[in-house]
Every structure is written in C-alpha cells, then in structure tokens.
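The values are calculated or read from the model by the stated rules, or taken from the named source; none is laboratory data. Because the structure is predicted, anything quoted here is derived from the model rather than measured. Here the Cβ positions follow ideal geometry from the backbone for every residue, glycine too, while neighbour counts run over all protein chains shown. Note: accessible area is taken over every heavy atom of the protein model, side chains too, but ligands, DNA and RNA are not part of it. Shrake-Rupley method; radii C 1.70, N 1.55, O 1.52, S 1.80 Å.
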Amino acid sequence: GLDVASYRERVRAMFYHAYEHYLESAFPYDELRPLTCDGQDTWGSFSLTLIDALDTLLILGNVSEFQRVVNVLQEGVDFDIDVNASVFETNIRVVGGLLSAHLLSRKAGVEVEAGWPCSGPLLRMAEEAARKLLPAFQTPTGMPYGTVNLLHGVNPGETPVTCTAGIGTFIVEFATLSHLTGDPVFEDVARKALKALWKNRSDIGLVGNHIDVITAKWVAQDAGIGAGVDSYFEYLVKGAILLQDKELMSMFLEYNKAIKNYTKFDDWYLWVQMYKGTVSMPVFQSLEAYWPGLQSLIGDVDNAMRTFLNYYTVWKQFGGLPEFYNIPQGYTVDKREGYPLRPELIESAMYLYRATRDPTLLELGRDAVESIEKISKVDCGFATIKDLRDHRLDNRMESFFLAETIKYLYLLFDPDNFIHNDGSDFDVVVTPFGECVLSAGGYIFNTEAHPIDPAALHCCRKRKEEQWEVEDLMREFYSRKKTKKFTLKRAPDRGEGENAKDPEDVSSEKAGEKRNSKKSSHSLLSCPSQSFNSKLAVLGQVFLDNT
C-alpha cells in the first residue's frame, strides 16, 4: 500500500512552502503572486490568505503560529474600508474562517475570554464582517445582491443579477453567528434567501444559474450541480445537519430527485434547461467534483463512488481537473483548460475515504500531491495552472489552496486528526449558560473548508441580552420576596471541585459589558416605558409580580 505518513509530511511541506512565501512576499495583501514573488489584493483588503489558512495551521498541529496570527489579525484587520466586496466570497472565506478559528482557539491554546465560545475577539470580527454584508439582503425577495461596499452598503446602480450559490450559501456561517451571538438577524436573512430560491424553482423542480434578486426572474436558465449553483445544494445538506433541520433536508432531497431525473447520465451530470429539462451543455466542470462528497454525507455512498471514479479518470487524463471537460468528446473545452489547484475532488476523496476506506481514494491523494508538486510548484509558492495541456502557469495562488486543497489532502492522509474525532473524546466547557460539550467531532466544513463544531451552537442560549436581563430582574424580584427557594441558577450544580463556584460569578463582568455595549441588538427589555410587569414577559413567559 501507499505510505500514508510520508505523503502527510509532503503535504505539510507543501503548506509551509506556500505559507512562508505568502508571509515573506505578499502579506498584508490578500494573495501571493508566486511568479513575481509579491502580493495583490483580490477579494477585498484583509490579508485574506492569512484568515483562510488559520485553521489549517491548527489541523497541522502548529499552535504557536495559530496564536501569533490571531494576534496579528486582531491588530491589523479592519472592515471599515471603502472596498467593493463579493458578498459570497467574504462570507465563506472571511466570516467562515474567523468563526472556525474562534471555535478552535481554545484547542489551539489561546487564552479565551470567560464568556467563550459565546464571546471573543475573533467572533466579534466575524460578526463585524457579516454585518457589513447585511445591506445586500435588503431586497424585495430577500435574495441578496452579489456585491456590497463595506463602507457604504449596496452601490447605486449595482446589478441585481446574482448566481444561485451567491444567494444560498449563507446558512452555515450565519446560523452559527446567530447561535453564538444571540442575534437572530443573520440566520433569519440566510433562511429567507434559501426559501426564496426554493419558491422560484421550476415546475420540474430545478433551479437555474443566475436570478434577478429584485424581480425573481431567472436570467441564466441552465440547471446543473456545478458553477453558480454548487454550494446552494451543499448548504441545504450541511445546514440540515448543523441545525438538525428536516425542512432543509427535504428541500435537498426533492432537488436530488430532479437532478437525478434530468441531469444525470451514466454517472455524469450535465447541464439542462431548467424549465424543459433539455440538455444545454454536455460538460463536466471541476467545481462539480464536490458532489460525490455531498452524496456521501447523505449516505448515498455507492452512487458517490461511481461518480467519483468518473471524475478521477479525467484527473488521470490531465494530471488535474480542467475547469470544463467536454464529456462526449473526452477533452477540455476551449479557454477552460486551467486548473487553479481546486480542492473539490480531494474533498470528495476525503469524505469517501472516511466512509469506505477504499485505497483508490488515497491514490487520488497521491496523484494530487505529485501533480501539484510537479506542475505548479515554483520558487515562491504554488501557481495556478493556466493550461493542463502544456502546463503554462498563472501568476496567482488562490487563498483556497491553503484553506481547502492542502487541508483536505492532509486530512485524507491523517486518519487520526482531531477533526476526524468520532465522539469518543470531548471537552466540557463552562459558559455563562451552563456546561457545554465541545470538540466531540462531527465538524461541518463550510464551502471554504472551515470546520464548524456543531455542538458549539448549543452553548449560547439564543437571546443573550434578554437572558441576562430576565435573570437580573428575577433576582431582584425574588430578593424582594425574601425567599431563596426560587433563585434561578444559571447552570446545573457542578458539585465540588474547581468549577463548583457559583454559576452567578462566571463572567458576570462580561455580562455587564455585553449588555452595555453599543452594538448589542435592541433587546425586547430595554424600553424604559414598559411597566415592570410587562418587562417580565419575555419570549412568551410571563412572570407576575404578586407582591
């Protein structure tokens, strides 16, 4: 068999070759330009590669560099900038990267705040970045614009045409934010956008590629599983798992039937007209290679393997996946011969290897390592492959190379990584809301390979400010009645020992700080005009003052 340990070490070396050159030649720009050994801003101006690579550092076991980068980002990244940013890319790379790093920071030995994981500097940064995206969602349909100015909101004259993925790829990050911060607005807008796409599917159950977010008219009516649509389907499944949400899963399963009926031929997926179901493009796109991994997540492993093996034959033909591949002709499509070191096929291999332990999957990993090293490695990093036929390179190293491609390769070759935890091992963390279990596994990767610990969503009861205020009021109320019998405890008793101090003291200053912070959402309880009676009616629970 294949020497897994030696490939793991080669992947680690690839990471550092790219990462060190980014730091040396490109930081604080977004991305490294590996042919000229300098940097450029691409998606904004926030040292994107650093944010995107942060959790990869921990997966490779580098806690000291993780801690250093956390400090660098806290000092140096500012979202109050006059930059037009992609709503989609900023969400998956910046918000996703910061949330994942926030949730992993305790594991990485960072000194976390008393209120963690319900508070912390990286969480505040993620929330700040996400708030900058909210103006994009203010449309008649609830479907967001594709671009937003981080300072001014949506530019006047902004195009209302957004791709399907740019509308349906928010629920993982935004629901996580809402659950951690207690502000429901993020999850609400993400859900509304998902539902709007669902409502606008065609009679045969398909969605197109681009839609007008003002009128809800489909502008590009090609239906398929690849570019422009891909992560919408992915987030229905991952959102369903993360939130244990049957509605999201049933939407996906309906789409899955339509996709099988209309777009699947011999374990390939084609593009079809969304209303008629007629084939519009018989091409395979490299972005579609995520699909077998997604099928494995819903337990459809046999179909996933068959499709994966088709895609692997294309890889073997070129030493990489061309962006487009003409299925009937068995060759690349003109102007689409490149391979920007994308992760999707490796991502599917990682999932399928966990499900099947089939050694063929490790062979794809080996081929990817050999191919990327042979074709794209340069003195200053790794360069996008412009043409798989003659191996010409482009002066670009996308941040997803370190966020996703390297991470999935490493995880494929590292079966004992903490990310693969099966639940036999976990941490118990004391939060202001009681004890909570973390790091038990079951991580959900966002579409930029940033792992979210699903258990963290249960650590912070949803409406933080109300929670604190009600308990303060209740305490005031009960102390006036001079009875101790009903004292509300913030957490179950912890018995003896270090953590047995009264739960009231856990981070009480933090509570005060949170309540008085300017940013906090307007709590239901903060209206001074309300009488004390109605102040105690919160979320349907009424506490009467019978004194």
- Task: Run the quick spin-label model on ASP390 and ASP41: label points 7 Å from Cα toward the beta carbon, then report their separation in nm to one decimal.
- Result: 3.5 nm
- Tell me, what is the FRET efficiency for ASP300 and ASN155 to the nearest 0.05, using R0 = 41 angstrom and their Cβ-Cβ distance as r? 0.45
- Note on the structure: Checking rank on 242-249, 279-286, with mean other Cβ inside 10 Å and highest first, the result is 279-286, 242-249
- Note on the structure: Quick note, region 85-184: a/c under 1.5 would make it rounded; otherwise a/b > b/c is prolate and the rest oblate (a ≥ b ≥ c, C-alpha gyration tensor); here it is prolate
- Cα centroids of region 343-376 and region 396-417: how far apart, whole angstrom? 10 Å
- Query: Spin-label point model (7 Å from Cα, Cβ direction): what's the ARG354 to ASN310 distance in nm?
  - Reply: 2.5 nm
- Item | Distance in nm between pseudo-label sites at THR215 and GLN317 (7 Å out along the Cβ direction from Cα) | 3.9 nm
- Query: How high is the FRET efficiency from MET281 to ALA114, r the C-beta distance, R0 51 Å, rounded to 0.05?
  - Reply: 0.40
- Task: May I ask you to derive the FRET efficiency for TYR16 and VAL72 from their Cβ-Cβ distance with R0 = 25 Å, giving the value to the nearest 0.05?
- Result: 0.90
- What is the packing order of peptides 402-411, 17-26, taking the mean over residues of other C-beta atoms within 10 Å and listing the highest first? 402-411, 17-26
- Using only Cα atoms, figure out Rg for region 361-455 and give it as a multiple of 2.2 N^0.38 Å. 1.45
- Message: Considering only protein heavy atoms and a probe of 1.4 Å, how much of the accessible area of region 284-415 is carbon and sulfur, as a whole percent?
- Response: 44 percent
- Query: How large is Rg/Rh for region 284-415, to two decimals, with Cα atoms and a Kirkwood Rh?
  - Reply: 0.95
- Hey, which of these cross-link pairs are over 27 Å Cα-Cα: LYS217/LYS257; LYS195/LYS257; LYS260/LYS407; LYS246/LYS316; LYS264/LYS407? LYS260/LYS407; LYS246/LYS316; LYS264/LYS407
- Query: How much length is gained if the chain between TYR331 and LEU253 is pulled fully straight, taking 0.36 nm per residue apart and subtracting their Cα-Cα distance, in nm to one decimal?
  - Reply: 24.9 nm
